[in-house]
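First the structure, in the form of structure tokens, and then the observations on it.
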Amino acid sequence: MIFSLSFYVFTFVLFCFENVFIYRYVTTRYTLNKKQKGSLLGLKTSFILTIVGVYTMVNFYRANLNFIRYVTSMTMLDLYLQEMSIIYLFSYIVCDTCIGFIHYHSLMRTMSGYPHHLLFITILIPCIYTENDHMIVSGFIAELSTFVINLGTIHKKYRSDLVFGITMFFTRIVHVGFIVWSIRVYAYQLPFGLLLFSLYTFWFYKWVAHYITKYTKVHQNIDDTEKV
């Protein structure tokens with residue numbers, strides 16, 4: 001840790017306050033359905049973490065996909081950004097869990113709700129404890145697909161399952177795959193990377209299966225209509 005514990009606690013509380021304020025401000029001024037409310041904090045958080053992810057991704061590729069070189073070349077600004085990003089992610093998980101329990105509990109009972117948050121806390125805490133949180137931050141570009149799906153939930157005209165799948169493939173499969181490959185010889189980091197990559201691979205598989213089923217049904221309906 002590069003700061004005192006009290007600073008981290010204060011920052012966490014500040015970020016939680018910001019999450020609650022944004023949620024109350026938007027929901028009291030706009031009429032949102034349950035799904036839109038459930039995507040609001042995720043939209044904001046994924047947007048911010050995607051920006052951080054673009055920055056860390058550029059640094060990772062500048063290090064020639066060498067994770068150790070990427071870590072050793074980090075400046076104090078990079079370390080500060082890394083730790084603030086992790087705290088911001090934690091504040092989102094806590095606030096989304098608490099607010100979701102009150103306002104959109106049924107949505108939080110799905111795989112993208114309580115199970116997702118519990119799993120990420122399970123991954124984050126050991127990473128932070130073993131000082132491997134830079135591995136998580138280097139993969140924040142994966143939040144781009146989260147931003148795409150949340151944006152489509154709040155504004156239907158921006159919804160695109162294909163764009164979501166493409167961003168998921170390149171950010172969560174290709175990019176995170178490069179990260180896992182670059183840490184393959186490091187015993188302490190590899191399990192975290194493999195767990196995260198396995199999770200992303202499973203989600204991508206589920207999306208492919210869903211998209212193929214949806215695409216097949218659409219074309220089947222078109223064929224049936226033409227026959228009539």
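The values are calculated or read from the model by the stated rules, or taken from the named source; none is laboratory data. In this text the structure is predicted, and so the values were computed from the model without any measurement. As a convention, Cβ positions derive from the backbone with ideal geometry for all residues, glycine included, and neighbour counts pool all protein chains shown.
Within region 98-114, identify whether any single residue is within 24 Å of V71 (Cβ to Cβ) and not acidic (D, E), and answer yes or no. So far as region 98-114 goes, no, none of its residues is within 24 Å of V71 (Cβ to Cβ) and not acidic (D, E).
Which of the residues that make up region 23-38 are over 19 Å from the mean Cα position of the chain (by Cα), in a helix (DSSP H, G or I) and not aromatic (F, W, Y)? Of everything in region 23-38, those that are over 19 Å from the mean Cα position of the chain (by Cα), in a helix (DSSP H, G or I) and not aromatic (F, W, Y) turn out to be R24, V26, T27, T28, R29, K34.
If only residues of region 19-41 that are among the charged types (D, E, K, R) and touching a helix residue (DSSP H, G or I) at 6+ places or on another chain (Cβ under 8 Å) are counted, the one that is surrounded by the most Cβ atoms within 10 Å (Cβ to Cβ) is K37.
For region 108-122, a tally of residues being surrounded by fewer than 16 Cβ atoms within 10 Å (Cβ to Cβ) and either part of a helix (DSSP H, G or I) or among the β-branched types (V, I, T) (or both) returns 6.
One line per residue, one yes/no per condition, for (1) in contact with a Pro (Cβ under 7 Å, 6 or more places away or on another chain); (2) within 20 Å of L65 (Cα to Cα); (3) aliphatic (A, V, I, L, M):
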{"position": "R159", "(1), (2), (3)": "no, no, no"}
{"position": "M168", "(1), (2), (3)": "no, yes, yes"}
{"position": "V174", "(1), (2), (3)": "no, yes, yes"}
{"position": "F178", "(1), (2), (3)": "no, yes, no"}
{"position": "L194", "(1), (2), (3)": "no, yes, yes"}
{"position": "T201", "(1), (2), (3)": "no, no, no"}
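Taken together, the criteria exclude V163 from residues that are out of contact with any strand residue (DSSP E or B) (no Cβ under 8 Å at 6 or more places or on another chain), over 24 Å from P115 (Cα atoms), hydrophobic (A, V, I, L, M, F, W, C) and without any contact (Cβ under 8 Å) to a residue 12 or more places away in the chain.
Do we have any residue at all in region 184-192 that's modelled with pLDDT of 85 or more, surrounded by 11 or more Cβ atoms within 10 Å (Cβ to Cβ) and farther than 25 Å from L40 by Cα? The answer is no, given that none of the residues of region 184-192 is modelled with pLDDT of 85 or more, surrounded by 11 or more Cβ atoms within 10 Å (Cβ to Cβ) and farther than 25 Å from L40 by Cα. Number of residues in region 171-183 that are surrounded by 14 or more Cβ atoms within 10 Å (Cβ to Cβ) and within 19 Å of I51 (Cα to Cα) equals 6. If the condition is being more than 16 Å from L190 (Cα to Cα), assigned to a loop (DSSP other than H, G, I, E, B), touching a residue at least 12 places away in the same chain (Cβ under 8 Å) and aliphatic (A, V, I, L, M), then region 61-84 contributes only M74. Just one of the numbered conditions (1) at positive phi; (2) within 15 Å of the chain's Cα centre (by Cα) is not true of N64: (2).
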